[in-house]
Amino acid sequence: MIRTLADIPARLIATGRRYRYAVICGSDAGTLQAALRAVSAGFAEIQFFGHTDAVAAAVAAAGPLPEGSVSLIPAADDAEAARQAVSAVSHGRADVLMKGLIGTATMLRAVLDKQEGLLPSGGTLTHQAVAEWADYGKLLLCCDVAVIPFPTPQQRRVQVALAARTCRAMGIDTPRIALIHCSETASDKFPYTTDYAAIIAEAQRGDYGPCLVDGPLDLRTAIDAEALRTKGIESPLEGRADALIFPDIEAGNVFYKAITGMMHLRNACMMAGTTHPVVLPSRGDDADTKYNSMAMAALTLNRHA
C-alpha cells in the first residue's frame, strides 16, 4: 500500500518503465521543473507541444538528459498545441496529458473534442486530489474539488467508482469511501443524502468493485475513529476513510484550500473519467505538486480506461 507521495515515484521507478507525457505549452517554471525532475528520476519521457523556444532554452540549461527523453513539437498557437498533444495521447503516442502555461478552457476544448478527445461518449469528467497528512498515516483522496459544481446522482456514482479505482491503484485492496455531509443523518432538506443509501447498497453488491462505502458522515466521523466512538456511530469505515466524496464543489474546494493553504499539506491532483490520465494543475500549484501529480497520473494509468 502506498502511504506517502514519495512512495508513488518510487513505485514507478521500480518498474523500470518510462511513461510518456504530452505536455501542452510547458514553458512555465513549475511545469518545466516538474517535467525535468521526472525525467531525471527515471520514470518519464516528455513531449513538449508548443512554446518550444522557451522550453528548449530551459532544457539546454538543465544539462545532460537521457537520450530521447525530451522532444519538442512546435505549434502555431496554444490551441494547436493542445490539439496535437491530445491527438498524441488518443493515438497511443503518449500515455499521460499534462497542462502547462495554457488556459484551461483551451485545453479542455481539445480534451472534450468528440473526434480526437479523451472523454468517452456519455462519460463524466471529474477531479481527484490526494493529500499527504502525516498524522493520518496514509494518503487521503478527495473528490471533486474543482470540476463538477453539483454532482447529479449518476455523476456521484461515477465519482465513487473512480475513487475506488484510484485507491486500488495505490495498493488499497478494499478502499473505504465516505459520502460526506454536515451530519450523519439523511434529510429531505439535502436531497443528495437520501440517495446515499442506494449508493451504499450498490457498493455492497459489488457495483464498484471491492470497497466499503458509508454515509452520510461528517468530516470528523469519516477520518477520526475517536469522534465516531464518541458519537456512538457504527460505520464499516471505522473513521479511517481512504476517500472522501464531497456533496458539491463548494464543500470540496473549501476543504482542499484549507488543507493545502492553511495546513500546507503536500498533494497531487489529476482529472479522472478520461481514457487516459490528465494532469491539470492549478495556477497556484508549485513544482513539487506538479511533480507529484505527474507521478499519481502514471500510477493510475492501467486503471484508467
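At a glance:
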{"quantity": "Theoretical gain in end-to-end length, GLN204 to ASP77 [0.36 nm per residue, Cα-Cα removed]", "calculated": "40.8 nm"}
{"quantity": "At q = 0.19, 0.25, 0.26 Å⁻¹, base-10 log of I(q)/I(0) for the stretch 1-57 (Debye sum, equal scatterers on each alpha carbon)", "calculated": "-0.69, -0.97, -1.02"}
{"quantity": "The stretch 146-234: proportion of alpha-carbon pairs further apart than 21 angstrom, %", "calculated": "33 percent"}
{"quantity": "Relative compactness, the stretch 77-129, computed as alpha-carbon Rg over 2.2 N^0.38 Å", "calculated": "1.08"}
{"quantity": "Whole-number D in µm²/s for the stretch 175-222 (Stokes-Einstein; Kirkwood sum over Cα pairs; 37 °C, 0.692 mPa s)", "calculated": "303 µm²/s"}
{"quantity": "Candidates GLY171, GLY16, GLY122: whichever shows maximal mean-square fluctuation once the chain is modelled as a Gaussian network with Cα springs under 10 Å", "calculated": "GLY122"}
{"quantity": "Estimated inter-spin distance, SER183 and ILE233, nm [label 7 Å along Cα→Cβ]", "calculated": "1.1 nm"}
{"quantity": "Inter-site label distance for ASP113 and ALA56 at 7 Å from Cα along Cβ, in nm", "calculated": "2.4 nm"}
{"quantity": "Antiparallel DSSP beta bridges within the chain, as percent of all bridges there, nearest 5", "calculated": "35 percent"}
{"quantity": "Area accessible to solvent at ASP207, 1.4 Å probe radius, in Å²", "calculated": "80 Å²"}
{"quantity": "5 angstrom amide H check on VAL70, placed H, neighbours 5+ away", "calculated": "ILE46"}
{"quantity": "Spherically averaged projected area of the stretch 166-305 from its Cα convex hull (nm²)", "calculated": "9.3 nm²"}
{"quantity": "Area accessible to solvent at VAL254, 1.4 Å probe radius, in Å²", "calculated": "100 Å²"}
{"quantity": "D_trans [Stokes-Einstein, Kirkwood Rh over alpha-carbon pairs] for the chain, 10 °C, 1.306 mPa s, µm² s⁻¹", "calculated": "80 µm²/s"}
{"quantity": "Sulfur and carbon atoms: percent of accessible area, the stretch 173-300 [1.4 Å]", "calculated": "53 percent"}
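The values are calculated or read from the model by the stated rules, or taken from the named source; none is laboratory data. This one's a predicted model, so the numbers in the text were calculated from it and none came from an experiment. As a convention, Cβ positions derive from the backbone with ideal geometry for all residues, glycine included, and neighbour counts pool all protein chains shown. Surface accessibility is based on the protein's heavy atoms, side chains included, excluding ligands, DNA and RNA. Shrake-Rupley method; radii C 1.70, N 1.55, O 1.52, S 1.80 Å.
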